[in-house]
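Just so you know, all these numbers are worked out from the coordinates, no wet-lab data involved. Note that the structure is predicted; figures quoted are calculated from it, not measured. Here the Cβ positions follow ideal geometry from the backbone for every residue, glycine too, while neighbour counts run over all protein chains shown.
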Amino acid sequence: MKLIVGLGNPGRKYEGTRHNVGFDVIAELVRRCGAGPGKTAFQGELNDVKLSRPGMADERALLLRPHTFMNLSGSSVVGVRDFYKLTNADLLVVCDDLNLPVGKLRTRAKGSSGGQKGLEDCIRRLGSDEFVRLRVGIGSPPEYMEGADYVLAKYGKEDREEMGIAVVRAADAVEVWVREGVAVCMNRYN
């Protein structure tokens, strides 16, 4: 079993914002599985699904959207990991990255938070940076805008379509990671 976490902020106010791309990727995976709303558990929304692909065995996965707000995401992640007796090797965290161009994907097996506060909290609470992370580029803020304001803003018209494509590609990358591992995922999507 794998645990896939999409980072974001709960509530309608944050829907469609750059910071919620992790939630968007989880929503795409839920849609593909034909799953309904997740159950409220572990300070988040959790779906227990089977990822299916023609010609391949189904893989069980837990899809988590922490509802702790971005900066406290780690408590939800640790709760699920520990309850299901998973290891950090079974974990993939999807988050936004303002250091990557809009729509670019980057998967890493370990590493720093790169300034992403949700990822930073996950590293702190898990006690390790050795877990897979899939970053989805949201581009850099314009000179006149602070980073915090930029990540909490909705996509502009020019980025909306590109980010829709990126969310689908990120969900594809998650499925590849589940079935074929991080090296294949990195080679195919980075």
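Annotation: amide H of VAL5 within the under-5 Å range of LEU64, LEU92, VAL93, VAL94, sequence separation 5 or more or interchain, hydrogens built in the peptide plane. When only alpha carbons are used to place a centre, region 1-52 and region 75-139 end up 15 Å from one another.
Counting DSSP beta bridges with both partners in the chain, what percentage is antiparallel, nearest 5?
Details: 16 of 30 bridges.
About 55 percent, rounded to the nearest 5.
Among 2-9, 79-86, 99-106, 44-51, what's the highest-first ranking by average C-beta atoms within 10 angstrom per residue?
On the way: 2-9: 27.1, 79-86: 15.1, 99-106: 17.2, 44-51: 19.1.
Highest mean packing first, the order is 2-9, 44-51, 99-106, 79-86.
Of all DSSP beta bridges confined to region 1-103, the antiparallel ones make up roughly 60%.
The charge dipole of region 2-189, taken about its Cα centre with unit charges on the Cβ of Lys, Arg, Asp and Glu (plus for the first two, minus for the last two), comes to roughly 400 debye. Rg ratio for region 44-121: its Cα radius of gyration over 2.2 N^0.38 Å, N being its residue count, equals 1.23. Rounded to whole Å, the principal axis extents of the Cα atoms in region 2-189 read 48, 34, 31, largest first. The value of relative contact order for the chain, using C-alpha pairs under 8 Å at least six residues apart, is 26 percent.
Entry note, the chain: the mean residue ellipticity at 222 nm calculated from DSSP H runs of n ≥ 4, each adding -39500 (n - 2.57), is -11500 deg cm²/dmol after division by the residues and rounding to the nearest 500. A simple count of charges around ASN88, restricted to other residues whose Cβ falls under 14 Å of its Cβ and scoring Lys, Arg +1 and Asp, Glu -1, yields +4.
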